[in-house]
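So the structure is just underneath, and the comments pick up after that.
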Amino acid sequence: MLPYGRHAVDQDDIDAVVDVLQNQFLTQGSTVPAFESALCDYTQAAHTLAVNSGTSALHVACLAAGVGPLDLVWTVPNSFVASANCARYCGADIDFVDIDPLTRNISIEGLKNKLANCSKFPKVLIVVHFAGVSCDMQAIAALTSRHNITLIEDAAHALGATYQDKPVGSCQFSDMTVLSFHPVKSITSAEGGAITTNDKGLLERLTLFAKHGITREPSALEDKEQGAWYYEQQVLGYNYRMSDIHGALGLSQLNKLDAFIQHRREKAAMYLTALRPLPIKLPSEETLATSAWHLFMIELSTHDRKAVFDALRSRGIGVNVHYIPIHIQPYYQKLGFQKGDFPYSEAFYKYAITLPLFPTMSASQQQHVIDTLIDVLQ
């Protein structure tokens, strides 16, 4: 089965991990700080904190923003559940803004209308750069800044993408950006995530919540008269540290990120050309040179999606669907959401199929996907 996504690990990556295993600290050594520094260089953000997953990154980003019970967080339904669960971990309420059916990202008009008519403003808005395409961050920031809303970019799909000629993760128009290093993402650390920010105060809070709520920083201690052994737990934190083993893999992978993204863009261009004659909706060609192309999604409007999905799977094409809208999941329906609440996200889900796309996919493998899809649709 040809998967929809696959990691690309080479001997350099293996050697980097083995070096940590044989010669360095397995955790709390120098490798994770080196990875964080390299992510700052790549994204052009001032600060980065690496953690053990993208979900952990979302959680501590909400905590650092001060999200708690009685607060409200907004995100989009068209995402993985972690984009909303992070607010629930903090005891906050969640609500959604529907997507733009053209961009598949948060609807700017929908956000504007929701802000104009809401009875309570969210403390945080989490926007999702779906499939690797950046949201219109300048327009979103213009709407949220006037209401003092903390703006978090969920860029789990988008490391390597650009917005206004700057790397996604630079936080040019946001407070924090969350990254994921799951094996199907732009780079992998096996499991891992990170938060970038330009705000040193936010970095300090992120670090505190991700590391048990404990600090050894002399200037931050309440009792400054103790010895070098002394530490203080100042908040209820979590053990979300990234190990140096994972950091070594991530650091090695980061050196290949631009090449990975170039391969993804070449394969996306091939799909866009080869599939254009078919009766399907394709991603916008306008994003070809700026998207990270984490996913290549088509929309079927004239075919039975389940029949096409099953036919492709039966012929060895590991297609997938991204995503079941969060608000129709049973847990969220128990919170009061129901089908019909966010029609554009639901319509996209109804017709969407994710085709295989990953850096090491060969030309013959991609041609097999194309030929098989054409045959199935005909």
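The values are calculated or read from the model by the stated rules, or taken from the named source; none is laboratory data. The shown structure was predicted, so the numbers you read here are calculated from the model rather than taken from an experiment. Because the Cβ atoms are built from the backbone with ideal geometry, glycine has one as well, and the counts that use them run over all protein chains shown. Note: accessible area is taken over every heavy atom of the protein model, side chains too, but ligands, DNA and RNA are not part of it. Shrake-Rupley method; radii C 1.70, N 1.55, O 1.52, S 1.80 Å.
Results, tabulated for the structure shown:
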| item | result |
| --- | --- |
| Odd one out for Thr55, checked against (1) over 16 Å from the mean Cα position of the chain (by Cα); (2) closer than 18 Å to Gly192 by Cβ; (3) in contact (Cβ under 8 Å) with a residue 60 or more places away in the chain | (1) |
| Options Leu236, Leu203: the member that is over 21 Å from the mean Cα position of the chain (by Cα) and either over 30 Å from Thr354 (Cβ atoms) or of a type in the set (S, T, N, Q) (or both) | Leu236 |
| Of all residues making up region 302-338, the number that are touching a residue at least 12 places away in the same chain (Cβ under 8 Å) and part of a loop (DSSP other than H, G, I, E, B) | 14 |
| Tabulated pairs, region 276-294, first without any contact (Cβ under 8 Å) to a residue 24 or more places away in the chain and part of a loop (DSSP other than H, G, I, E, B), second open to solvent by less than 50 Å² (accessible area, probe 1.4 Å) and among the basic types (Lys, Arg), C-beta under 8 angstrom, 6+ apart or interchain | Leu288/Arg265 |
| Residues (farther than 19 Å from Leu357 by Cβ and in contact with a Gly (Cβ under 9 Å, 6 or more places away or on another chain)) located in region 125-168 | Thr150, Glu153, Asp154, Pro167 |
| Members of region 18-32 that are without any contact (Cβ under 8 Å) to a residue 60 or more places away in the chain and either under 12 Å from Gly250 (Cβ atoms) or open to solvent by less than 20 Å² (accessible area, probe 1.4 Å) (or both) | none |
| Yes/no for Ile353 being crowded, with 19+ Cβ neighbours inside 10 Å, within 26 Å of Ser180 (Cβ to Cβ) and among the aliphatic types (A, V, I, L, M) | yes |
| Which listed residue, of His303, His368, His294, His327, is of a type outside the set (Phe, Trp, Tyr) and either assigned by the TED database to the domain that holds Ser180 or in contact with a Gly (Cβ under 6 Å, 6 or more places away or on another chain) (or both) | His294 |
| Residue match in region 174-190 (condition: open to solvent by 20 Å² or more (accessible area, probe 1.4 Å), touching a strand residue (DSSP E or B) at 6+ places or on another chain (Cβ under 7 Å), touching a residue at least 60 places away in the same chain (Cβ under 8 Å) and among the aliphatic types (A, V, I, L, M)) | no |
| Some residue of region 35-44 being of a type in the set (A, V, I, L, M, F, W, C), assigned by the TED database to the domain that holds Asp154, open to solvent by 10 Å² or more (accessible area, probe 1.4 Å) and at pLDDT 95 or above | yes |
| Residue in region 266-274 that is open to solvent by less than 60 Å² (accessible area, probe 1.4 Å) and among the β-branched types (Val, Ile, Thr) present | no |
| In region 144-173, the residues that are assigned to a strand (DSSP E or B) and surrounded by 20 or more Cβ atoms within 10 Å (Cβ to Cβ) | Thr150, Leu151, Ile152, Glu153, Asp154, Tyr163, Pro167 |
| Out of Gln378, Gln338, sole residue that is of a type outside the set (Phe, Trp, Tyr), open to solvent by 60 Å² or more (accessible area, probe 1.4 Å) and within 22 Å of Ser107 (Cα to Cα) | Gln338 |
| Candidate set: region 94-125, residues that are in contact (Cβ under 8 Å) with a residue 60 or more places away in the chain and farther than 21 Å from Ser174 by Cα; chosen: the one surrounded by the most Cβ atoms within 10 Å (Cβ to Cβ) | Pro101 |
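A quick yes/no check of all residues on (1) of a type in the set (A, V, I, L, M, F, W, C); (2) in contact with a helix residue (DSSP H, G or I) (Cβ under 7 Å, 6 or more places away or on another chain):
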position	(1), (2)
Val51	yes, yes
Ala57	yes, no
Val60	yes, yes
Leu63	yes, yes
Gly68	no, no
Leu72	yes, no
Ala84	yes, yes
Ala87	yes, yes
Cys90	yes, yes
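So that you can scan it fast, the table gives a plain yes or no per residue for (1) open to solvent by less than 70 Å² (accessible area, probe 1.4 Å); (2) closer than 14 Å to Ala64 by Cα; (3) in the same structural domain as Thr55 (by the TED database); (4) of a type outside the set (Lys, Arg):
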| residue | (1), (2), (3), (4) |
| --- | --- |
| Ile214 | yes, no, yes, yes |
| Ala228 | no, no, yes, yes |
| Gln233 | no, no, yes, yes |
| Gly237 | yes, yes, yes, yes |
| Asp244 | yes, no, yes, yes |
